[in-house]
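What follows is a single structure, written as structure tokens, with notes after it.
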Amino acid sequence: MGYRSEVAYTIRFTSDDERAKQSFFTFLAEAKARAATAGCFGELGWAEFEIDEARFRINFACDDVKWYETYADVKCHEALIDLAGEWANDEDNHSEIAYSFVRIGEETEDIEEKNGGDYDYSWVQVNRSIERDW
């Protein structure tokens, strides 16, 4: 039991030039070296965590998860989003990074969104619809 959420995020380097490639791999190296984020790439990582080196992206999606801020794996993913935010706010050095995070809880009003950099709203978005059985 417990409160369940659906979570998705993407961290992207939005250009395909050599600078974006270098920044992407530097970001990965820094994230793997930091204690707060290293677990995303190892024992705390989930099958839904994907590193797309060809397109300079990190993607994560998970349904029906207990996304409690006190859990080590959740702290790790939150720290990775925070690191992307740090990089996105450092416009002099990392202007090509962007990210989008969405968490939807069981309650209708429980929606959390974090975005930064030159992100595209369509990367990760909430879509409400009515389903019926007729």
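The values are calculated or read from the model by the stated rules, or taken from the named source; none is laboratory data. Because the structure is a prediction, the values reported are computed rather than measured. Quick reminder, even Gly has a Cβ in these numbers, built from the backbone with ideal geometry, and neighbours come from all protein chains shown. For the accessible areas, the whole protein counts, side chains as well, though only heavy atoms, and no ligand, DNA or RNA atoms are used. Shrake-Rupley method; radii C 1.70, N 1.55, O 1.52, S 1.80 Å.
Return the total of residues in region 22-49 being part of a helix (DSSP H, G or I) and modelled with pLDDT under 90.
1
Within region 50-72, is there a residue that is assigned to a helix (DSSP H, G or I) and open to solvent by 70 Å² or more (accessible area, probe 1.4 Å)?
No, region 50-72 contains no residue that is assigned to a helix (DSSP H, G or I) and open to solvent by 70 Å² or more (accessible area, probe 1.4 Å).
With (1) exposed (fewer than 13 other Cβ atoms within 10 Å of the Cβ); (2) within 25 Å of Y121 (Cβ to Cβ) as the list, and G42 as the residue in question, which single condition is left unmet?
Of the numbered conditions (1) exposed (fewer than 13 other Cβ atoms within 10 Å of the Cβ); (2) within 25 Å of Y121 (Cβ to Cβ), the odd one out for G42 is (2).
What is the number of the single condition among (1) aliphatic (A, V, I, L, M); (2) open to solvent by 10 Å² or more (accessible area, probe 1.4 Å); (3) not in a loop (DSSP other than H, G, I, E, B) that A98 does not meet?
All conditions are met except number (2).
Could you give every pair whose Cβ atoms fall below 9 Å, whose first residue belongs to region 15-36 and is open to solvent by 100 Å² or more (accessible area, probe 1.4 Å), and whose second residue is outside any helix (DSSP H, G or I) and of a type in the set (K, R), counting only separations of at least 6 or pairs across chains?
D16/R55
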